[in-house]
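Chemist: Provided herewith is a single structure, encoded as structure tokens, for subsequent inquiry.
The values are calculated or read from the model by the stated rules, or taken from the named source; none is laboratory data. The shown structure was predicted, so the numbers you read here are calculated from the model rather than taken from an experiment. Cβ sites come from the backbone with ideal geometry, for glycine too, and all protein chains shown count toward neighbours. Only protein heavy atoms, including side chains, enter the accessible area calculation; ligands, DNA and RNA are left aside. Shrake-Rupley method; radii C 1.70, N 1.55, O 1.52, S 1.80 Å.
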Amino acid sequence: MASVSPAMQALTKSYMGRFPQVLRHAKRTIGREAEFPVVERNGEAGDVQRLMRSLMGMDSTLEVTCENDGKRISSLRSPDGSIEYTIEVGTGTVEVITGPFPDLGALNTTHEDAVGGLVRAA
């Protein structure tokens, strides 16, 4: 069997060192990130800021993060942190982040609620 080069050994050691010896949580959790391009009915790029403002108007408990001296909303987050809407890839895509949850059922319920809110806001 061929020997492994010193460079490959160093790379392997570095990579393996990135995994914690002890998990942060006793059990694993699951989350989801889903990106949605915002497109108007006529096929033109949609106004992501309008969509974010609409989400804010529907739920006053969302925590707002702004950029550009408060002129641009960059994310909205539920008080418990289970749902986050962020602007991804410039200004034309909304990312819906849900989780972490202990199981797929809990993730599915919250993710469907989050996407439903996005659809209602549109």
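Chemist: If we keep just the residues of region 81-112 that are over 16 Å from Arg32 (Cβ atoms) and open to solvent by 80 Å² or more (accessible area, probe 1.4 Å), which is farthest from the chain's Cα centre (by Cα)?
Modeler: Thr91
Chemist: Can you find a residue in region 96-115 that is more than 18 Å from Gly31 (Cα to Cα) and of a type outside the set (A, V, I, L, M, F, W, C)?
Modeler: Taking region 96-115 first, the residues more than 18 Å from Gly31 (Cα to Cα) are none.
Checked against the condition, which is being more than 18 Å from Gly31 (Cα to Cα) and of a type outside the set (A, V, I, L, M, F, W, C), region 96-115 yields no hits at all.
Chemist: Do any residues in region 46-61 that are of a type outside the set (Asp, Glu) have Cβ atoms under 8 Å from those of residues that are surrounded by fewer than 12 Cβ atoms within 10 Å (Cβ to Cβ), where the two are at least six apart or on different chains, and which pairs are they?
Modeler: From region 46-61, the pairs are Gly46/Glu40; Met58/Arg120; Thr61/Pro79.
Chemist: Let me ask something else about it. Take region 90-122 and flag every residue that is in contact (Cβ under 8 Å) with a residue 24 or more places away in the chain, in a loop (DSSP other than H, G, I, E, B) and among the small types (Gly, Ala, Ser).
Modeler: Taking region 90-122 as the starting set, the residues that turn out to be in contact (Cβ under 8 Å) with a residue 24 or more places away in the chain are 91-104, 107, 110-111, 113-115, 117-118, 120-122.
So of that shortlist, the ones also in a loop (DSSP other than H, G, I, E, B) come out as 91-92, 102-103, 122.
Correct list: Gly92, Ala122.
Chemist: Let me confirm something: among Pro79, Pro20, which residue is in contact with a Ser or Thr (Cβ under 9 Å, 6 or more places away or on another chain) and assigned to a loop (DSSP other than H, G, I, E, B)?
Modeler: One residue alone meets the criteria, Pro79.
Chemist: Can you name every residue in region 35-60 that is out of contact with any Asp or Glu (no Cβ under 7 Å at 6 or more places or on another chain) and assigned to a strand (DSSP E or B)?
Modeler: Across region 35-60, the qualifying residues are Phe36, Pro37, Val39, Ala45.
Chemist: Would you point out which residue out of Ile87, Ile83 is farther than 14 Å from Asp59 by Cβ, touching a residue at least 12 places away in the same chain (Cβ under 8 Å) and aliphatic (A, V, I, L, M)? Walk me through it before giving the result.
Modeler: Numbers: Ile83 fails: farther than 14 Å from Asp59 by Cβ.
Unique residue meeting the criteria: Ile87.
Chemist: If you check Ser3 against the conditions, is it over 24 Å from Pro79 (Cβ atoms), loosely packed, with under 11 Cβ neighbours inside 10 Å and of a type in the set (S, T, N, Q)?
Modeler: Answer is yes for this residue.
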